[in-house]
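Since every read-out is calculated from the coordinates, none of them should be taken as a lab result. Fair warning: this is a prediction, and the values are worked out from it, not measured in the lab. A quick note on method: Cβ atoms are made from the backbone with ideal geometry, for glycine too, and the neighbour counts reach across all protein chains shown.
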Amino acid sequence: MTRLIFLGPPGAGKGTQAKILAESCEIPHISTGDILREATDQGTPLGQKAQGYMARGELVPDDLILDLIRERLSQPDAQKGWVLDGFPRNVTQAEFLDRLLQKLNQGCDRVVNLDVPDEELVTRMLKRGRQDDNETTIRRRLEVYRSQTAPLIDFYGERNSLVYVDGNLPLEEVTSSLKQLAQP
Ligand code: AP5
């Protein structure tokens, strides 16, 4: 059973690595960013509410995310493990997740902090060119990461579940470090 949370700044490689790891462990890759992008592409009520926040590089309000995570982690395929990517994103979400996992009788094995220097993050995102990968939005996403998400490093560090992984290495090398952590 593998249950991992991926922390790390925008562009660190969370999505790339979470997908590879989830496939290799045959567990769901749960990305709140992917869920929200799908909702905006489809123009659902969730997508319509989230769109402006995402375009500005702000976090969408917690109330749009929490029910969605509760439902997703309660689904049958998530009972055999998961990789969470992009959630939790602030202390409120992390506290919610703690309570939810207790209720679901699930634990989290590791919280992985993917470390990558800012210049490399910006280079990667500009090269990728997703809709929110323009300079103004990238700058705001990095600020939001520092003020709202980075405090989770201490939050999980105090529980001894945090592991640092150097994300500034070739993709396959990062994958190989992560696969070692994901061993049951
Ligand atoms: P989200 O989709 O979570 O975006 P993010 O955290 O900004 O992260 P990215 O997707 O940009 O980066 P990543 O770390 O996944 O890197 P990737 O693997 O893509 O969130 C988007 C928005 O949704 C937020 O701004 C917010 O509005 C909203 N949102 C989402 N979750 C939320 C939540 N819980 N609460 C509130 N709002 C929420 O890699 C980046 C690039 O680098 C790729 O091109 C990749 O190919 C390349 N790359 C990866 N690894 C390497 C490597 N080792 N070497 C070289 N290149 C690499």
Cα-based Rg/(2.2 N^0.38 Å) for the chain, rounded to two decimals, is 0.97
Dipole size in debye (nearest 20) for the chain around its Cα centre, Lys and Arg Cβ +1, Asp and Glu Cβ -1?
220 debye
Starting from the Cα of LYS179, draw a straight line to each of the lysines and keep only those under 29 Å, dropping any in the same chain fewer than 8 residues away.
LYS14, LYS19, LYS80, LYS103, LYS127
Name the residue farthest towards the positive end of the dipole of segment 2-182 from the options PRO151, SER161, ALA94, assuming +1 on Cβ of Lys and Arg, -1 on Cβ of Asp and Glu, about the Cα centre.
ALA94
Given a cut-off of under 8 Å on Cα pairs at least six residues apart, what relative contact order in percent is computed for segment 100-163?
50 percent
Within the chain, what percent of beta bridges assigned by DSSP are antiparallel, to the nearest 5?
0 percent
